[in-house]
1. Does S33 meet the test of being over 14 Å from the mean Cα position of the chain (by Cα), open to solvent by 60 Å² or more (accessible area, probe 1.4 Å) and free of Cβ contacts under 8 Å to residues at least 60 places away in the same chain?
2. Residues that are open to solvent by 60 Å² or more (accessible area, probe 1.4 Å), at pLDDT 90 or above and polar (S, T, N, Q): does the stretch 7-15 have at least one?
Amino acid sequence: MMQVVPMRGAAVQDRVALAEIELCGELMIAASSVDGDRLSPDRIDEVLMVAAKEFE
């Protein structure tokens, strides 16, 4: 029987991978509801919850 030892780095990578998968899923759901060929950059930002930054 193989013994699995938990590693901190692997746990962090798993959380990051799961977050990326969730974001890709959200983009696919949004893309499936659009009438045109692709999502606009503004809609992508909205789906990914990217806040606009103002530069001075």
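1. Here the answer is yes, as S33 does meet what is asked.
2. No - not one qualifying residue is present in the stretch 7-15.
The values are calculated or read from the model by the stated rules, or taken from the named source; none is laboratory data. In this text the structure is predicted, and so the values were computed from the model without any measurement. Every residue, glycine among them, receives a Cβ derived from its backbone with ideal geometry; neighbour counts consider all protein chains shown. Heads up: the accessible areas ignore ligands, DNA and RNA and are worked out on the full protein's heavy atoms, side chains in. Shrake-Rupley method; radii C 1.70, N 1.55, O 1.52, S 1.80 Å.
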